[in-house]
1. Does residue B:58 meet the test of being in contact with a strand residue (DSSP E or B) (Cβ under 8 Å, 6 or more places away or on another chain), assigned to a helix (DSSP H, G or I) and either more than 14 Å from chain A (Cβ to nearest Cβ) or surrounded by 15 or more Cβ atoms within 10 Å (Cβ to Cβ) (or both)?
2. Given the condition touching a helix residue (DSSP H, G or I) at 6+ places or on another chain (Cβ under 9 Å), crowded, with 16+ Cβ neighbours inside 10 Å and in a loop (DSSP other than H, G, I, E, B), answer yes or no: does some residue in segment A:177-193 qualify?
3. One residue is enough: does segment A:475-484 have a residue meeting the conditions at pLDDT 90 or above, closer than 24 Å to residue A:364 by Cβ, within 36 Å of the chain's Cα centre (by Cα) and assigned to a strand (DSSP E or B)?
4. In segment A:368-383, which residues are at pLDDT 90 or above and away from chain B (no Cβ under 14 Å)?
5. Of the residues that sit in segment B:63-79 and are more than 16 Å from residue B:128 (Cβ to Cβ) and crowded, with 18+ Cβ neighbours inside 10 Å, which one is farthest from the other protein chains (Cβ to nearest Cβ)?
6. Only residues that are crowded, with 17+ Cβ neighbours inside 10 Å and assigned to a helix (DSSP H, G or I): list them for segment A:351-375, please.
7. So which residues in segment B:10-55 are surrounded by 18 or more Cβ atoms within 10 Å (Cβ to Cβ), away from every other protein chain (no Cβ under 13 Å) and assigned to a strand (DSSP E or B)?
């Protein structure tokens, strides 16, 4: 043998051994397959066992195609997104069945070896397990979809320029633009100038220092003035490679237009209910009120006729008589007007309005309103008022409505009770930032079962009335941040207590 | 204008303004008026003189109906006109059943009020006359002897002297004497008059 040739042969053997070593040591799986459609394993490197679980002997002769995930098997044929082609080599990412039965993600680069006529002879593949990488990427894509589809507004904001680099669909919707025709926004455009000064900058600084900020900053949306939105959370993101500097913020906000609308709707509904309940109360008190108005009218008539008689009898004293009688008539007309005024103020439909007023005065005013009913039922009003009680900030008409309800209930509690002395005790107390008001009767009390249902709508012990009074009263007090409750031993009377915060809680 | 009848008008009403206006009206018709703010005030201060009462049915503590009852129990005889407000008609009806003279719903026409007041005061005058007449008859009757009273009792039921004599076991002549003394002491001009007096006495006892 030619020495040179034998040296070359030796060289080739050494090279082949080195390549074989390389193939055998590689963690990538290197394999040879028959051409499509079956891709039967002809040869495979030992890495096959760590990648797909089969030994070399087991897998040689098996169809490579059969082990593809059914959804990915025709990726190459259909030139799916997962397939890249470059200089005669295909790179495909697909799910492949492991011997244990589960699927793993493989990234395979393959080249088809052809004979001189161009017919495929075999396919050489280098495959790598990319399950971890692929699953991480999928999780990222899912997260991105969650962010995109979130009903919260999510925006990414550059730290230095405050330019918004990303807005999810909710954010675009609230800002009133479409994702397809994006407008460039800067964070400061979305807030009123004083809010930026007083709230937003602090929130960003807090997030930059502590990583995250929670709170509420109202947004002011250009050209979307009917929408109400606020920023609830800001997360600061730092650059981990470069000096840990804050790069951008994730800003999470919420469009509360609908919630605000629902709240306003509920408030309006409550006002209407309260108004209706007041109308009902006045309706129930109509007889008493008519009687009260009748008194001054009857008096006026008496003064008029009495005066006419005097004028006929003693025309010389006309001026004195008329002057005196005019004074008397005026007083009565004012009295009648006062009753009407009180009633109108009570039944008037008002917007919810907070006023400062004295609860002691309110207690007295409401008892005047019940003057006639108290007379008819032989009731004595007994006041124990805390003269140092500070003024209360609340809706006066509504609070008076509650007091009226409680006092009327106390008066009516005596209707099936034969006691001669019938006090309705009204007391006020100022303690611990709350005003306490109590209305107590000394009638027969309420059973514990009755107490349990007392504040339920349509619960009533009376033959007339809707049973809405206490239910509405409690709603009114709770809307003011207070509480209304009842106590009774079921024998010697009932105590209603309410407390209202002096300041908004 | 002069009131056609005399007597005091007692007003019981808890509404001061209304009381004052009633006084103004009634005094313009020259009536004498005394007002009371409550039933108790009336009971404590009533002087027992002749007159009539204007009574509000709706009052705290003792209401009009209750006062009416108390007055009956205590023998206070005043004609009562009940004053009722709006919606008090059932109470006014009860007052009428208990002997009130009439009732007025507030507000009312002054002519109607004054007419009713006149009627009430006339009624009071009649009651006073009846009362004093009865007193006289009673005094005369008291002056009769036991036997004379017996004779009178039999005379007024229509018995003849002979029957009376038989019943009492005395002579007709003696009956004649007693009978003349009865007519004289009772100041009765005729037998029918004596019968009327006996009827009034029976009614009062």
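The values are calculated or read from the model by the stated rules, or taken from the named source; none is laboratory data. Computed from a predicted structure; not experimentally measured. Backbone-built Cβ (ideal geometry, glycine too); neighbour counts: all protein chains shown.
1. Details: in contact with a strand residue (DSSP E or B) (Cβ under 8 Å, 6 or more places away or on another chain): yes; assigned to a helix (DSSP H, G or I): no; either more than 14 Å from chain A (Cβ to nearest Cβ) or surrounded by 15 or more Cβ atoms within 10 Å (Cβ to Cβ) (or both): yes.
So residue B:58 does not fit the description; no.
2. yes
3. yes
4. A:382, A:383
5. Initial filter on segment B:63-79 (more than 16 Å from residue B:128 (Cβ to Cβ)): B:63-74.
Narrowing further to those that are crowded, with 18+ Cβ neighbours inside 10 Å: B:63-65, B:67-68, B:71.
Numbers: B:63: 9, B:64: 12, B:65: 13, B:67: 14, B:68: 18, B:71: 20 Å.
For segment B:63-79, the residue satisfying everything is B:71.
6. A:359, A:360, A:362, A:363, A:365, A:366, A:367, A:369, A:372, A:373, A:374, A:375
7. B:10, B:12, B:36, B:51, B:52, B:53, B:55
Let's see how each residue does on (1) in contact (Cβ under 8 Å) with a residue 60 or more places away in the chain; (2) within 14 Å of chain B (Cβ to nearest Cβ):
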{"position": "A:262", "(1), (2)": "no, no"}
{"position": "A:271", "(1), (2)": "yes, no"}
{"position": "A:294", "(1), (2)": "no, yes"}
{"position": "A:305", "(1), (2)": "no, yes"}
{"position": "A:308", "(1), (2)": "no, yes"}
{"position": "A:313", "(1), (2)": "no, yes"}
